[in-house]
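Inspection log for the structure reproduced underneath, given as structure tokens.
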Amino acid sequence: MAPARRATAAQSPRESWRREAGRAAGRAPDARPCGAAPVPACALSPAGLALRNMSLVAEAFMNQLAAAEPWPENAALYQQLKEDQILLSDNAASLAVQAFLQMCNLPVRVVCRANAEYMSPSGKVPFIHVGNQVVSELGPIVQFVKAKGHSLSDGLDEVQKAEMKAYMELVNNMLLTAEITHPRYGSPYPWPLNRILSYQKQWEIRRKMKAIGWAGKTLEQVLEDVDQCCQALSQRLGTQPYFFNKQPTELDALVFGHLFTILTTQLITDELSEKVKNYGNLTAFCRRIEQQYFEGHDKDSPATASARCAKRSLLR
């Protein structure tokens, strides 16, 4: 009787590309990306379960060691190319992380790479490389920084923290989705890869839009949602310098990243930025954060590095 052959799942082009990008970035090609679903415990043998538990303990121990290490001077934030490639939503996310780290007084160098998305362990940008740790997206980065003893929201009570999370969810649901654009994606790559990656990105965006119920919305409906979001943010901010009075939180960093990107990115139409400009306290809020955390820094500051990537000045 012939021995049974083990079935091998065919890799998608994206999986193959990510594997190759992982090798180029020095990451183990078979490492499970952060956020990927773990193997269910019921599918493991007792020996396999014991090995997995040992792995989790070792990972927790390494995370504790990493948290005890001071923030290095050579920390780096990776994002796509600003002029040729980065989507509006990814640019906003990157700027939000930069603002958050600036508010924590943690230095970081901005690195623009065409394959940044494929260098990331989760496939998401931006991501930071701190020591031997790689962390992507604002939420996990906030937790990573908190483990190192830096937090912007420790002064809030439980009610305020819940309110902050609710407003962050509002921004992610409304502004993040409204910022999705696709024409520039893939342009740094030669044909036919530029077309393949562009179509792939468009497919991912359509799938996300359909999942959250935005696929059938008209431009007017999207702009109305953005206006309602800005109205809610404007009312919460009022005349305060920050959303929770005198000290910034991760909500301030997130809102700044999205509003600033909308206000300073040249698009085919100005309808999106005009919605934001209708709220004077929000534009003043963006200008205030830009002045306090991004202007007047040395040549190696995140603001200067970001401006070099963008090849344009910040909001004036």
Checklist entry - Over region 245-294, what per residue volume does the convex hull of the Cα atoms give, in whole Å³? => result 73
Checklist outcome for this item: For 250-259, 269-278, ranked highest to lowest by mean beta-carbon neighbours within 10 Å, the order is 250-259, 269-278
Next on the checklist: Longer than 30 Å from Cα to Cα, which of 124/246; 146/217; 124/148; 146/246; 246/275 are they? Say none if no pair is.
Outcome noted: 124/246; 146/217
Item to check | Cα pair distances in region 82-180, grouped into 10 Å bins until the bin that holds the longest one, percent each | outcome: 14, 45, 34, 7, 0
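We did not get these values from a lab; they are worked out from the coordinates using the rules stated. Just so you know, these numbers come straight off a predicted model, no measurement behind them. Reconstructed Cβ throughout: ideal geometry from the backbone, glycine too, with neighbour counts over all protein chains shown.
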